1. Of the conditions (1) free of Cβ contacts under 8 Å to residues at least 24 places away in the same chain; (2) in a loop (DSSP other than H, G, I, E, B), residue 222 clears all except one; give me its number.
2. Testing residue 373 on (1) at pLDDT 95 or above; (2) charged (D, E, K, R); (3) loosely packed, with under 14 Cβ neighbours inside 10 Å, one condition comes back false. Which one is that?
3. Could you list, ordered by first residue, the pairs with Cβ atoms under 8 Å in which the first is in the stretch 122-136 and outside the structural domain of residue 346 (by TED's automatic domain parsing) and the second is part of a helix (DSSP H, G or I) and among the acidic types (Asp, Glu), at least 6 apart or interchain?
4. Go through 283, 330, 258 for me and flag whichever is closer than 22 Å to residue 347 by Cβ, loosely packed, with under 14 Cβ neighbours inside 10 Å and within 23 Å of the chain's Cα centre (by Cα).
5. If you go through the stretch 358-368 one residue at a time, how many are surrounded by fewer than 22 Cβ atoms within 10 Å (Cβ to Cβ) and either small (Gly, Ala, Ser) or in contact with a Phe, Trp or Tyr (Cβ under 6 Å, 6 or more places away or on another chain) (or both)?
6. Just give me the residues in the stretch 119-167 being among the charged types (D, E, K, R), more than 15 Å from residue 108 (Cβ to Cβ) and assigned to a helix (DSSP H, G or I), in sequence order.
7. Tell me whether the stretch 252-259 contains one or more residues that are out of contact with any helix residue (DSSP H, G or I) (no Cβ under 6 Å at 6 or more places or on another chain), in contact (Cβ under 8 Å) with a residue 40 or more places away in the chain and either of a type in the set (D, E, K, R) or not in a helix (DSSP H, G or I) (or both).
Amino acid sequence: MQFNFFKYLFFAGLLFFLSCSQREEKKVDFFSSLKKDTGIKYAKRFSISRNNKVTLVYLFGNGSNYDTTASYLIYTDASSIKNVPKNITLIKSPCKKIAALSSIYVNMFCELGLLDLVAAIDNVDYINNKDIISRCNSGQIKELSKGIELDLEQTIHLNPDIIFTFGMGDPKKDVNPKLLQTKIPIAISLDHKEETPLARAEWIKFFAVFVDKKDMADSIFKIVEKNYTELKAIAKKAESKPTVFNDIKYSDSWYMPGGKSYVAQMLDDAGANYLWKNDTNYGSLPLSFEKVYVKAKEADFWINQSTLKTKKELLSFDSRYNEFKAFKTGALFNNTLHANNKGYSTYWETGMIYPDRILSDLILIFHPELKADIKNDMYYYEQLK
């Protein structure tokens with residue numbers, strides 16, 4: 001009897017060990033079978049890996065070290081997601097009810113042909129797209145943050161499959177505590193932290209993952225990449241590189257794009273000599289009026305003056321602006337060609353998706369002699385009157 005009892009214990013223990021080993025093996029196989037998408041060429045703030053059952057997305061947001069900020073496991077069959085670590089957000093695909101809390105994000109889904117899936121945005125005031133505005137006016141698309149704060153009650157009632165929101169790369173601060181209370185899956189976009197125009201544009205692949213539109217996103221980006229590369233080559237034909245500076249003063253500071261920013265990169269690609277190109281910052285530089293004036297008073301061009309459309313409006317903010325050479329010669333250009341009655345431009349909605357269009361405009365501004373090679377008019381920019 002005693003022998004049979006110990007024999008039973010031995011086999012029970014063996015079966016338990018084998019069972020644990022098999023479970024552990026499945027867990028290891030689950031991740032080891034994922035293959036990284038090598039088609040992501042420019043973006044550094046996210047990666048995508050796939051196998052035949054799931055897609056794993058990593059966000060890299062903490063500074064220059066690109067530490068992992070968040071992880072999303074996208075699945076179609078719940079039986080394929082056993083033994084997943086708790087720090088990975090699970091999202092069932094394709095998402096069919098989306099809350100896109102940025103004009104950029106909602107336009108991503110427009111370009112993917114999936115506006116019907118967008119159930120909510122943040123605020124229609126930031127929108128120019130007539131179809132989106134119409135849907136907001138009819139109530140088909142809800143506004144979740146008409147004021148400063150998110151409408152938590154409405155968000156919970158809407159119960160979208162996923163919420164896309166803005167982030168800075170800090171997992172402790174990126175997600176609004178009110179959003180966390182909803183228990184709805186939240187995806188953070190770090191597109192704004194990319195350092196080149198094409199890297200930012202490649203984020204359409206990130207959004208496409210959640211709606212099973214990889215091929216369409218790849219196709220859109222491939223065209224953008226081709227156009228951008230060709231335009232960059234056209235700009236190299238220019239015999240000179242005019243000097244340029246950006247933005248206007250807000251309160252006591254003039255926030256100039258850093259020399260390593262995507263803005264600086266695009267200005268260089270457009271054949272311009274950006275006056276802060278040698279700066280080593282990726283973000284914006286808070287400068288005094290005096291520092292900007294000393295460096296930019298003789299600049300050939302001045303672009304991106306907030307939402308302003310006339311020289312008179314510009315002077316109403318600071319009369320000293322008329323001391324810049326670019327003001328005197330009229331070489332003032334802003335991305336306000338198509339803007340709504342709140343002053344928000346299509347530049348901020350679709351320019352990130354189509355940096356080739358922005359580059360085309362900038363080449364026309366800095367090198368009008370190359371217009372025959374560009375073969376189109378302005379998409380976003382106009383001259384201040």
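1. For residue 222, the exception is condition (2).
2. In the conditions (1) at pLDDT 95 or above; (2) charged (D, E, K, R); (3) loosely packed, with under 14 Cβ neighbours inside 10 Å, residue 373 misses (3) alone.
3. 126/349; 127/349; 128/349; 129/349
4. 283 is the lone residue from the list that is closer than 22 Å to residue 347 by Cβ, loosely packed, with under 14 Cβ neighbours inside 10 Å and within 23 Å of the chain's Cα centre (by Cα).
5. Residues in the stretch 358-368 being surrounded by fewer than 22 Cβ atoms within 10 Å (Cβ to Cβ) and either small (Gly, Ala, Ser) or in contact with a Phe, Trp or Tyr (Cβ under 6 Å, 6 or more places away or on another chain) (or both): 1 in total.
6. Selection gives 125, 130, 135, 153.
7. no
Okay, residues lined up against (1) out of contact with any helix residue (DSSP H, G or I) (no Cβ under 6 Å at 6 or more places or on another chain); (2) surrounded by fewer than 18 Cβ atoms within 10 Å (Cβ to Cβ); (3) modelled with pLDDT under 95:
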| position | (1), (2), (3) |
| --- | --- |
| 41 | yes, yes, no |
| 59 | yes, no, yes |
| 66 | yes, yes, yes |
| 77 | yes, yes, yes |
| 84 | yes, no, yes |
| 91 | yes, no, yes |
| 108 | no, no, no |
| 116 | yes, yes, no |
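The values are calculated or read from the model by the stated rules, or taken from the named source; none is laboratory data. Model, not experiment: these values are computed from the prediction. Neighbour counts run over all protein chains shown; Cβ positions are idealised from the backbone, glycine included.
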